[in-house]
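First the structure, in the form of structure tokens, and then the observations on it.
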There are 4 protein chains.
Amino acid sequence: MWAVPGRHFLQIPGPSNIPDRVLRAIAQPTIDHRGPAFVALAREVLDGLQPVFQTSEPVVIYASSGTGASEAALVNTLSPGDTVLMFETGHFATQWRDMAVRLGLHAEFVPGDWRHGVDPREVERRLTDDRDRAIKAVAVVHNETSTGATSSIAAIRQAIDAAGHPALLLVDAISSLGCIDYRHDEWGVDVTVSCSQKGLLVPPGLGFNAISAKARASAAAARLPRSYWDWQLMIKNNAAGVFPFTPATNLLFGLREAMRMLMDEGLANVFARHLRFGEATRRAVAAWGLEVLCVDPAAYSPALTAVMMPAGHDADAFRRIVLQRFDMSLGAGLGKLKGQIFRIAHLGDFNDLMLAGTLSGVEMGLAAAGVPFTRGGVTAALDSLACETSAS
Amino acid sequence: MWAVPGRHFLQIPGPSNIPDRVLRAIAQPTIDHRGPAFVALAREVLDGLQPVFQTSEPVVIYASSGTGASEAALVNTLSPGDTVLMFETGHFATQWRDMAVRLGLHAEFVPGDWRHGVDPREVERRLTDDRDRAIKAVAVVHNETSTGATSSIAAIRQAIDAAGHPALLLVDAISSLGCIDYRHDEWGVDVTVSCSQKGLLVPPGLGFNAISAKARASAAAARLPRSYWDWQLMIKNNAAGVFPFTPATNLLFGLREAMRMLMDEGLANVFARHLRFGEATRRAVAAWGLEVLCVDPAAYSPALTAVMMPAGHDADAFRRIVLQRFDMSLGAGLGKLKGQIFRIAHLGDFNDLMLAGTLSGVEMGLAAAGVPFTRGGVTAALDSLACETSAS
Amino acid sequence: MWAVPGRHFLQIPGPSNIPDRVLRAIAQPTIDHRGPAFVALAREVLDGLQPVFQTSEPVVIYASSGTGASEAALVNTLSPGDTVLMFETGHFATQWRDMAVRLGLHAEFVPGDWRHGVDPREVERRLTDDRDRAIKAVAVVHNETSTGATSSIAAIRQAIDAAGHPALLLVDAISSLGCIDYRHDEWGVDVTVSCSQKGLLVPPGLGFNAISAKARASAAAARLPRSYWDWQLMIKNNAAGVFPFTPATNLLFGLREAMRMLMDEGLANVFARHLRFGEATRRAVAAWGLEVLCVDPAAYSPALTAVMMPAGHDADAFRRIVLQRFDMSLGAGLGKLKGQIFRIAHLGDFNDLMLAGTLSGVEMGLAAAGVPFTRGGVTAALDSLACETSAS
Amino acid sequence: MWAVPGRHFLQIPGPSNIPDRVLRAIAQPTIDHRGPAFVALAREVLDGLQPVFQTSEPVVIYASSGTGASEAALVNTLSPGDTVLMFETGHFATQWRDMAVRLGLHAEFVPGDWRHGVDPREVERRLTDDRDRAIKAVAVVHNETSTGATSSIAAIRQAIDAAGHPALLLVDAISSLGCIDYRHDEWGVDVTVSCSQKGLLVPPGLGFNAISAKARASAAAARLPRSYWDWQLMIKNNAAGVFPFTPATNLLFGLREAMRMLMDEGLANVFARHLRFGEATRRAVAAWGLEVLCVDPAAYSPALTAVMMPAGHDADAFRRIVLQRFDMSLGAGLGKLKGQIFRIAHLGDFNDLMLAGTLSGVEMGLAAAGVPFTRGGVTAALDSLACETSAS
């Protein structure tokens, strides 16, 4: 396994391919997390995250995976037995529901087919029907990493407003932040959950919450027990450039470097680049005669594309062949999609030739696995990439 | 601040000086956390942690700071309103008490003077008095990082047994594991809490729980809400070499390397080395005519030494001078000790000459800060180091 | 320029894409080049190079570029005014001739068209004609990096033997070692010249000479002045595990790691892998309707492919577009081929998907540069790669 | 040997302790040495070296050890049989003489006792006596790394001028550049030889020549054969930001970072810092009752201190004990001083506490080796360091 030459292609939808610059940054000697050098680091990353979330509200950083940040969004804003309106867009939305239940919340879980985003009309309908305001929060996943379908947060915001409902809006932007245009303030999001290892180009181990004033106010009344995830402790300490508990210093070194890279490229360019990659990938899938899982073109993800495996073929067997023969990791079908799809990630520190290599690995892998398909997907992708202005 | 030549001396009691080997290890490209290479990594670190804790019980690894692992110990074993017997050995014991309270537990907090470890007789007395078994857990800090006083976990275990009390024994070994002999199984500890950035030589961001069968059984009945910290999810996934949530892969790379280093040196040598450093440091303090905070020689910490600043002098002003003139970070007095002590850490990837440099910085810093002291501390320490067999 | 996302494709024929493992290895702290740790390092790399050269003769390592090692081959074996038989296979052969002339040697330079390797019959003819044995050495380039044409060292050896001529055989294996089967002993080579940054996977800065007993004997009589390049000093010191002058320690760290990688993969697999890449690349070139510079199929290089640019198009303008739009460096036409060809390197730490990305960049670049070509080169290459057993 | 905890103390007079920043810099992926990113790198290091040499003349960079750069100084300026006036200041001056002889030059070698620098009066006397101008160059070592004695280049310049002699002045500044004030232009040096691994903080593998107009003019007439070392090729290519042969790119990454560090600190501060370290070290040696090898206080080296071992004791046995017990490498006695001295390096990326650790290792090592000495050297050094303004 270890004697494989060349660079591994890490085409799972997170962790993404971490830039060398970031890897070197995290290899800096750890420093005193209460000293002046740390304070300078903390201020740069705390301030620097705001434009990435497109917010002027505080963003807190946990030493945790993204799941921890999802938990933080719930325990800081809600009380035992509170109802949260959630939507079955896929595996991660389902996991968030399971978490809510484990934490003692009541999840009103709107069923879905894992091939669409959230329907804003359903949001409006449910909230309008909730006359006694039992629903305390609406929790949606912006980019369902398990399906490659996005939901329109702007439209969901409008639906909430149209219903005149006071529920908080909690958004999981774990695999969209730094890939897809995301506007915490403009879209009136109350808590945005994200983490380090997707569009933010840092190895896993940092979780984020961007927090509106309304959410902070909710926290004062929220009675779910919390300590590690408590915003108040965090925000108070962050104001002084420190953390209430020892932070993951070396990952913060990486975050500083990654944010410099994102800003050097320009977020608009970053988003445009991901859109190009999504389009080119779908062209390849179409040329192969395969089907994209997401059936709503408006919801196509710029970060990853989930592809349906033809009936009678096991997507996981295909992925194993691709790993063994071409040293590329593709995303698995999760939960009820296990074995039925594979996911091609095209997010993060990624460029045209890496995408071409990725799609080549899929094309050769399909052949090697004996999956029926039509050749030419890579060529179709190259045509797509070539006909638009390159990001570089 | 950045033009300072040479290596920074990071002599706070954690994060410790991270070895170059570990820093290079964490700079490896992040891998698929569900692929075979990760499974091999996970098995090595999960199995490898057991001898470090001297346990054959499962050890779980969180993407979190040590504080998160402290929270995990409570929420997995206890129910709202449960009583935990805790001891005011210092700042971190107090913080753990505060956490317990925030989580809805009742903390029976035995007062202390921050200059001793836990008195096992007090443990026995309290438990004997607890006839209706209200106390569900005894929670103690093995090595109080804020004071440099250790508590005898073996003696506390005996006290619990002498009282015939069924309470769980929860131990914070955050700054002792990998520095001071620690025996999870032999001492009958139910949950040992630790983390990456002290004796385990890895940057902060990993928290650990070693968990006895009795603790796992308690978890089934414990009703504090939990999801991220839930042992069951973790242990079940770990059995397959994976994690329920994205792990901090790159820190795990570091952990693998660090455990290889600890095992290459041999834990017995590691512990003996720290004992030598503690002894030499106290010789220096005595020669300077200063006072060690810990007043019980049996409780002296091999990991750090807290030194009392003579009255009328500000320990933080002294520390600032040491940082500015000698590029060394010393530990601050925390909580009620702020400004009154400084802490010299001598733990982790540390050797005789680094200690000599450290104590030289303190000696020169005392002079530079105008603190009254007697010269010769470094010489006394060198004599102490020289008269014992070096660990190397 | 610096905000380009993703990994650069370094497809010049050396330096090749350096593996991350090697880059981390060279980042180890520099050590005492006279201490025991260095001696262990030196022995491992000195011994380890022998199987790479397929020799049991000593290999010396210079802190130098490959050009320095080429100079060492001449100054250790020859005297002022000596005649060397050299062959105009391309730019690097011409540079070696120029070097010989600068050093005061007489170069008998057999003209060539830069599209073939050395003709062994010409070697035999020249040597047979050299009745008074004026020719002291035959110097040939195994893999002409400027043209992608190889020469058969085995056939040249036979030609020398057929002529019964005592000339030394000096071979530049700079871009073949570690890519193409190379047998110093079996082929009776007297001095093999190579360096770190091509098939040996290490950044530039190390030059090598593998030296036959006959070459060492010649050195005793050779009168070209030499000091830094002197084999005798080097071999004598190397026997004790040290170097006469401070070695490039950190690059040796990299060399140790790289040789472990090559041996883990197995040299036979390494060579087979490069053959596959050469074949696939030529299929792509053919599909594009372009012409490979090398016109002798037996001489096709497995390490790189030089492609002729259609008349009226500037290869350097094309390369600039590829760099700007696709962040890939291609090799330039050197010397008299400037602007007329571009070179696609497929050597070193390289795999199928990296090659697919590389060829995709060429295909898109041809379109972007307005060069007339037929689409489908990448597809042809994928077919070629797929129909053979993968190396991984 | 590998299980030694903590940081190695590399206290040989080069390679010095390489800064982490530089080690990370050399771990960057190698780039195309003919592309625009390289040109930017080349320009920065080529321009940046000039202030370090205090020159406005060109500085060339070889992929070589310092010895290669010493050879370059000779072969570019001299012709076979030319006389060079050299001075036996120690081992490295002797090695340079040996090199000159090997290259076919005539070395007029002024004997010395290895405890002084060059006597400028002797320079003047020899040159004045050289009425037929046979002496073509005066070659001196600025800081004799083998003895810790410096020579006054300014005074030697004056002596040459006083004699009215046209000889070139060639200076080996290998272990002084970046440690000790060095002025190529002001002192009228024709060729300054240096390298990467001492005061310039980069691992070994780069050699430098700073070259006066007079030296460049000499090169036109100099007839020693040369190719790799030829200045003309180098200067011509450098003007375009490239190199005639593949440069040691990754070491150049390190050089760029190191020069930024030196400039951030400020050369005046760098020199003052080394002076402090020399003074403190000699105070320690005096307190131990040992003797410094250099007997001329005006010639004491700020970069290293050579200490005489008391009769009957083997310096190498002592150094072995220091390495085994304290993981510190000290410099050996070289050539005729083997076993009689040890050398304490205090150059490069070094600070007060590292020096304190270093001297502590010597003090404990003397005791461990049974060498008669008086305790208190470290204390004396701390007093010396403390009484002067810190460099930080």
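The values are calculated or read from the model by the stated rules, or taken from the named source; none is laboratory data. No experiment lies behind these values; they were computed from the predicted model shown. For neighbour counting, all protein chains shown are included, and Cβ atoms are generated from backbone atoms with ideal geometry for every residue, glycine included. Only protein heavy atoms, including side chains, enter the accessible area calculation; ligands, DNA and RNA are left aside. Shrake-Rupley method; radii C 1.70, N 1.55, O 1.52, S 1.80 Å.
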Computed over region B:97-164, Cα set: Rg, Dmax in Å: 12.4, 35
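Nearest 5 percent is fine: what portion of the DSSP beta bridges confined to the protein assembly as shown is antiparallel? Let's see the in-between values first.
On the way: 88 of 168 bridges.
Percent antiparallel among DSSP bridges in the protein assembly as shown is about 50.
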Estimated FRET transfer efficiency when R0 is 56 angstrom, pair A:T128-B:K336 (beta carbons, to 0.05): 0.55
Checked against a 21 Å limit on the C-alpha separation, the offending pairs among A:K338/B:K236; B:K198/B:K336; C:K214/C:K236 are B:K198/B:K336
Per-residue ³J(HN,Hα) for region C:145-155, Karplus 6.51 cos²θ - 1.76 cosθ + 1.60, θ = phi - 60°, Hz, x for Gly and Pro: 4, 7, 10, x, 10, 9, 10, 7, 5, 4, 5
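Å³ per residue of the Cα convex hull, for region D:337-377? Walk me through the numbers before you get to the answer.
Numbers: hull volume 3.4 nm³, N = 41.
Taking the convex hull of the Cα positions in region D:337-377, it is 82 Å³ per residue.
Under the rule a/c < 1.5 gives rounded, and otherwise a/b versus b/c splits prolate from oblate, where does region D:140-253 land using the Cα gyration tensor?
On the way: a/c = 2.25, a/b = 1.19, b/c = 1.89.
Oblate, because a/c is 1.5 or more while a/b does not exceed b/c.
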Roughly how many whole Å is it from the C-alpha centroid of region A:327-362 to that of region D:19-88? 46
Formal net charge of residues neighbouring B:E144 (Cβ-Cβ distance under 14 Å; K, R +1; D, E -1): 0
Taking amide H atoms as placed 1.01 Å from N in the peptide plane, list the residues 5 or more away in sequence, or in a different chain, whose amide H sits under 5 Å from that of A:A107. A:V84
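For region C:1-42, what Kirkwood radius comes out of the mean inverse Cα-Cα distance, in Å? Show your work: numbers first, answer last.
Working: mean 1/r = 0.0748 Å⁻¹.
So the Kirkwood estimate lands at 13.4 Å.
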Suppose only helical runs count, i.e. DSSP H with n ≥ 4. What mean residue ellipticity at 222 nm does that imply for chain D under -39500 (n - 2.57) per run, divided by all residues and rounded to the nearest 500 deg cm²/dmol? -13000 deg cm²/dmol
Normalise the Debye intensity by I(0) for region B:32-85, one equal point scatterer per Cα, no solvent, then take log10 at q = 0.14, 0.17, 0.24 Å⁻¹ and round to two decimals. -0.54, -0.73, -1.03
Which FRET efficiency value, to the nearest 0.05, do you get for B:Q50 and D:D98 by plugging their Cβ-Cβ distance into 1/(1 + (r/R0)^6) with R0 = 35 Å? 0.05
First compute the accessible area of region A:285-392 with a 1.4 Å probe, then give the percent of it belonging to carbon and sulfur atoms. 53
Just the number: Rg to Rh for region B:175-318, Cα atoms, Kirkwood Rh, two decimals. 1.06
Rg and Dmax of region A:257-345 over Cα atoms: what are they, in angstrom? 15.0, 47
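For Cα pairs less than 8 Å apart in space and 6+ apart in sequence, what is the mean separation divided by the residue count of region C:210-306, i.e. the relative contact order in percent? Don't skip to the answer; put the middle values down first.
Values: 32 pairs, mean separation 17.7, N = 97.
RCO, region C:210-306: 18 percent.
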Roughly speaking, what is the centre-to-centre gap between region C:258-275 and region B:128-155 when only Cα atoms are used, to the nearest Å? 58
I want the local charge near D:V295. Using Cβ-Cβ distances under 10 Å, sum +1 for each Lys or Arg and -1 for each Asp or Glu among the other residues. -2
For region B:336-351, in residue order, the Karplus 3J(HN,Hα) values (coefficients 6.51, -1.76, 1.60; θ = phi - 60°; whole Hz; Gly and Pro = x) are 6, 8, 3, x, 9, 9, 10, 10, 9, 8, 9, 10, x, 7, 9, 9
Longest principal axis of chain C (C-alpha) makes with the long axis of helix C:267-288 (C-alpha) an angle, in degrees to the nearest 10, of 40
Taking 8 Å as the Cα distance limit and 6 or more residues as the minimum spacing, I'd like the relative contact order of chain D as a percentage. 23
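Given 20 °C and 1.002 mPa s, compute D for the protein assembly as shown with the Stokes-Einstein relation, Rh being the Kirkwood radius over Cα pairs; round to the nearest whole µm²/s.
Working: Rh = 34.9 Å.
D = 61 µm²/s.
Can you give the average number of partner chain beta-carbon atoms within 10 Å of each beta-carbon in peptide A:31-41, as a whole number? Provide the component values of the computation, followed by the final result.
Values: counts 6, 11, 7, 6, 9, 5, 6, 1, 0, 2, 0.
Average neighbour count from other chains, rounded to a whole number: 5.
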Given label points at 7 Å from Cα along Cα→Cβ, what nm distances, shortest first, separate C:G370 from the same residue in every other copy? 5.1, 7.8, 8.6
Using only the C-alpha atoms of region A:320-392, find the volume of their convex hull and express it per residue in Å³. 105
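Rolling a 1.4 Å sphere over the protein heavy atoms, what is the accessible area per residue of region D:268-392, to the nearest Å²?
On the way: 3910 Å² over 125 residues.
Result: 31 Å² of accessible area for each residue.
Can you check what the net charge comes to around B:V242, using other residues whose Cβ is under 13 Å from the Cβ of B:V242 (Lys, Arg +1; Asp, Glu -1)? Walk me through the intermediate numbers first.
Working: positive: B:R34, B:R43, B:K236; negative: B:D32.
That sum, taken over residues with Cβ under 13 Å, equals +2.
Taking a probe of 1.4 Å and counting only protein heavy atoms, give the total accessible area buried between chains C and A in Å², rounded to the nearest 100. Don't jump to the answer; show the numbers that get you there.
Details: alone 15580 and 15570 Å², together 27800 Å².
The summed interface area works out to 3400 Å².
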Inverting the mean 1/r over all pairs of different Cα atoms, compute the Kirkwood radius of region B:1-138 and quote it in Å. 18.9
Count the DSSP beta bridges whose two residues both fall in chain D, then state the antiparallel fraction as a percent rounded to the nearest 5. 50
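Counting alpha carbon pairs within less than 8 Å and at least 6 residues apart, what relative contact order, in whole percent, applies to region C:296-381? It would help to have the intermediate numbers written out before the result.
On the way: 103 pairs, mean separation 26.7, N = 86.
The value is 31 percent.
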Between the Cα axis of helix D:315-326 and the main Cα principal axis of chain D, the angle (0 to 90°, nearest 10) is 70
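Please report, to one decimal in angstroms, the Kirkwood hydrodynamic radius of chain B built from all distinct Cα-Cα pairs. Intermediate values should be presented prior to the final figure.
Working: mean 1/r = 0.0467 Å⁻¹.
Mean inverse Cα-Cα distance, inverted, gives 21.4 Å.
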Could you tell me how many degrees, from 0 to 90 and to the nearest 10, lie between the Cα long axis of helix D:91-102 and the main elongation axis, the longest principal axis, of the Cα atoms of chain D? 30
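By accessible area of protein heavy atoms, probe 1.4 Å, what ranking do A:K198, D:K338, D:K214 get, highest first?
Details: A:K198 15, D:K338 135, D:K214 85 Å².
Final ranking, largest accessible area leading: D:K338, D:K214, A:K198.
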Here the correct list, in nm and shortest first, of distances from B:A317 to the same site in the other copies, label points 7 Å along Cα→Cβ, is 5.3, 7.3, 7.7
